[in-house]
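**Q** I have a structure I would like to understand better, so I am pasting it below and will then ask my questions one at a time.
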Amino acid sequence: MKDTLQITAREALEKLLSGNKQYIDSRYGVGDISKEKRRLTSLHGQSPYAIIVTCSDSRVIPENIFSAGIGELFVIRLAIGDETDAAKACELNVAHSIRIIEDSLEIHHMEEDTGLRVMGAIYDIESGEVRFL
């Protein structure tokens, strides 16, 4: 298996999309949360293939949404602003998060050199589908 630190942005996106498809039809989580995986990450650290910035909502579980196990995703949760329309608030939150990440980390330069990519997505709580923007 390819080291997750060495996969391209395209491979990470394909892995996220594939995991989401698997999640949509699942009844239970399928990521590796085994004792062996916990021990391995305890000894050797984490090497997530993607960073997920998500809202502070108990119905949104990124590891499940993308069928990921321990150490595969780095998840950051944050609360959204004053917008009362849920759909609009999601869109604004995603756009705002992308701007902050790209500006603070100078991602534009890194994208060309490393293949790193910042992408926005919206999760549909009812269907379970993730739509990348």
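The values are calculated or read from the model by the stated rules, or taken from the named source; none is laboratory data. Quick caveat: nothing in here was measured; it's all calculated off a predicted structure. Heads up, the Cβs are rebuilt from the backbone with ideal geometry, glycines too, and the neighbour counts pull from every protein chain shown. Heads up: the accessible areas ignore ligands, DNA and RNA and are worked out on the full protein's heavy atoms, side chains in. Shrake-Rupley method; radii C 1.70, N 1.55, O 1.52, S 1.80 Å.
**Q** Given charges of +1 on the Cβ of Lys and Arg and -1 on the Cβ of Asp and Glu, with all other atoms neutral, how large is the dipole of the chain about its Cα centre, in debye to the nearest 20?
**A** Values: 15 positive and 22 negative charges, 136 e Å.
Charge dipole, the chain, about its Cα centre: 660 debye, nearest 20.
**Q** Also: Using a Förster distance of 25 angstrom, determine the FRET efficiency expected from the C-beta separation of GLN6 and ASP124, and round it to 0.05.
**A** On the way: r = 32 Å, r/R0 = 1.26.
Calculated transfer efficiency: 0.20.
**Q** On to the next question. At a threshold of 8 angstrom on Cα-Cα distance, excluding pairs fewer than six apart, so keeping six or more, what relative contact order does the chain reach in percent?
**A** 26 percent
**Q** Can you classify the stretch 1-55 as rounded, prolate or oblate using the Cα gyration tensor, where a ≥ b ≥ c are the square roots of its eigenvalues, rounded means a/c under 1.5, and otherwise it's prolate if a/b beats b/c and oblate if not? Don't jump to the answer; show the numbers that get you there.
**A** Values: a/c = 1.81, a/b = 1.16, b/c = 1.55.
Since a/c reaches 1.5 but b/c is at least a/b, the shape of the stretch 1-55 is classed as oblate.
**Q** Same structure again: Of the DSSP beta bridges with both residues in the chain, give the percent that are antiparallel, rounding to the nearest 5.
**A** On the way: 3 of 9 bridges.
Percentage antiparallel, nearest 5: 35.
**Q** Each residue of the stretch 93-100 in order: what ³J(HN,Hα) in whole Hz does its phi give by Karplus 6.51 cos²θ - 1.76 cosθ + 1.60, θ = phi - 60°, with x for Gly and Pro?
**A** 4, 5, 4, 5, 4, 4, 4, 4
**Q** Compute the label zone of GLN22 within the stretch 45-66: residues whose backbone N is under 19 Å from the point 7 Å along Cα-to-Cβ.
**A** Hits in the stretch 45-66 for GLN22 at 19 Å: 47-52, 61-66.
**Q** As an exercise, identify the trypsin sites (Lys or Arg not before Pro) in the stretch 1-81 lying in DSSP coil whose Cβ has no more than 14 other Cβ atoms within 10 Å.
**A** Values: sites: LYS2, ARG10, LYS15, LYS21, ARG27, LYS35, LYS37, ARG38, ARG39, ARG59, ARG77; in loops: LYS2, ARG27, ARG59.
Hits after loop and neighbour filter: LYS2, ARG27, ARG59.
**Q** Here's another thing I want to ask about it. Would the chain count as rounded, prolate or oblate if I go by the C-alpha gyration tensor, calling it rounded below 1.5 in a/c and otherwise prolate when a/b exceeds b/c, oblate otherwise?
**A** Taking the square roots of the gyration eigenvalues as a ≥ b ≥ c, the chain is oblate.
**Q** Probe of 1.4 angstrom, ligands and nucleic acids ignored: what's the accessible area per residue over the stretch 20-133, in square angstrom? Let's see the in-between values first.
**A** Numbers: 8020 Å² over 114 residues.
With all protein chains present, the stretch 20-133 gives 70 Å² per residue.
**Q** Roughly how many percent of the accessible protein surface of the chain is carbon and sulfur, given a 1.4 Å probe and a whole-percent answer? Don't jump to the answer; show the numbers that get you there.
**A** On the way: 4910 of 9390 Å².
Summing carbon and sulfur atoms, their accessible area is 52 percent of the total for the chain.
**Q** On to the next question. Hey, can you grab everything whose amide H is under 5 Å from the amide H of ALA50? Only 5+ residues off in sequence or another chain; H modelled, so Pro and N-termini drop out.
**A** Amide H to amide H, under 5 Å and 5 or more residues apart or across chains, ALA50 pairs with PHE74.
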